[in-house]
1. Given +1 on the Cβ of Lys and Arg, -1 on the Cβ of Asp and Glu, and no further charges, what dipole in debye does the chain carry about its Cα centre, rounded to the nearest 20?
2. Please work out the Cα center distance from segment 377-395 to segment 125-165, rounded to the nearest Å.
3. 7 Å from Cα along Cα→Cβ at both A350 and E50: what's the point-to-point distance in nm?
4. Output the 0 to 90 degree angle, nearest 10, between the alpha-carbon long axis of helix 164-173 and the longest principal axis computed from the alpha carbons of the chain.
5. Of K34/K186; K186/K275; K34/K88; K186/K278; K88/K275, which sit over 31 Å apart, Cα to Cα?
6. With unit charges on the beta carbon (Lys/Arg positive, Asp/Glu negative), name the residue among V45, L312, L65 whose Cα is farthest towards the positive pole of the charge dipole of the chain.
7. Run the quick spin-label model on R378 and E152: label points 7 Å from Cα toward the beta carbon, then report their separation in nm to one decimal.
8. Using alpha carbons only, how many degrees (0 to 90, rounded to 10) separate the axis of helix 82-93 from the longest principal axis of the chain?
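FYI, it's all coordinate maths here, none of it is from the lab. Owing to the predicted nature of the structure, the values given are computational and were not obtained by experimental measurement. Virtual Cβ from ideal backbone geometry, glycine too; neighbours counted across all protein chains shown.
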Amino acid sequence: MPARYVERYADSIIPRLMESLPALLVVGPRATGKTTTARRYCRSVARLDEPAEAAAFEADPDAALHVLQTPVLLDEWQAVPGVLGAVKRAVDDDPEPGRFLLTGSVRADLEVETWPGTGRVVRVPMFGLTMRELSGQTAGTTFIERLVASPEPHFSPLASPPDLAGYVEIALAGGFPEPLVGSAVKERTLWLESYLDQLLTRDAAAASGRDPARMRRYFEGLALSSAGLAAHNTLFEAAGINRKTADAYERLLVNLMVLELVPAWLNSRLARLVKSPKRYLIDPSLIGAALRLDVAAVLRDGELLGRLLDTLVVAQLRPELALGRTRPRLYHAREMNGRRELDLLVELSATQVVAFEVKATASPGPGDARHLAWMRDRLQARFVAGAVLHTGPRQYSLGPRLLALPIAGIWAGG
């Protein structure tokens, strides 16, 4: 029995872009549902990882492309890199909107020396499933838009909100569709460990030619420090590698879209802010898979618990931010002396900022919002809203433009 289809954020943007653009490339980490979603918008599909179909495109990509009814999905395009040139020529000859969708390995850009799609193929990002997607609420305003729409925003509480252990369960389950809603649900832990093994021993090793054992140790360091500002030398020394190798690993994992570097927010009014990025694994389930964690193990480690919740929050916000019409940008902020730190800062425009603290507590007080209040007072009108995202069930005020808000408010109704 096929798994049910879950409406994705990309479903709200792909049809709109296809009305005005000739070719789209759906990009994202492996196994996040790119092909499943793209197939819904195409009349014909070319599976280029199948030898019979690949042979025709290898022999004459222009002719093979010409006979397909559009819109056409070119799945696993990297198996026949010459198909990109055919798409480029087809778009140059006829720029009619909605003709091509491409999906493929996240290694593709690393393996292809040149990118013929520049100026012709527009990228659409897809990430893991979010709780809002799972609850069928992708339509309408985003969480950030609701937060700034009113001086006193209200988020409807969930009928059965998670407790602390429930949030950890959500984080460790992750957002990969196959183990979340597909046929691998019963073997979720095994699926996630196999995914990570594939990533580190085949995808990363094939692209870099480096030692998968050292890559795994480096990745375990990233898992331990996800959502943190660990010095890079701490990570590569623990992995037994040098800086040059660590820099190469980091670039590779970013290109494979399993690691995100959230930049530091810089502002002339706050000159003494650190400039280093925070490293986030793209899905919190990869923390559990890398470190072989269950709920009990996470609850015994307060620092790891905080990092896992922070990584969960970013995983829930990332698709909204990436596909939002206003293209809000995600940052973090921390003073050089470490006295004040904001876990997340979303810049909506040059004049609007929203900030968040993520706390593993069910009842945060004003002290938990003191860094938000500091930022509010420094930025004044630019600071639109701040929220302490917590693990309790209630929403309440912590001061002017400051809220205590359950993490589940990200996916709860307005």
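1. 1400
2. 16
3. 5.2
4. So the inclination is approximately 20 degrees.
5. Pairs exceeding the cut-off: K186/K275; K186/K278; K88/K275.
6. The Cα lying farthest towards the positive end belongs to L312.
7. 3.0
8. With both axes taken from Cα atoms, the answer is about 90 degrees.
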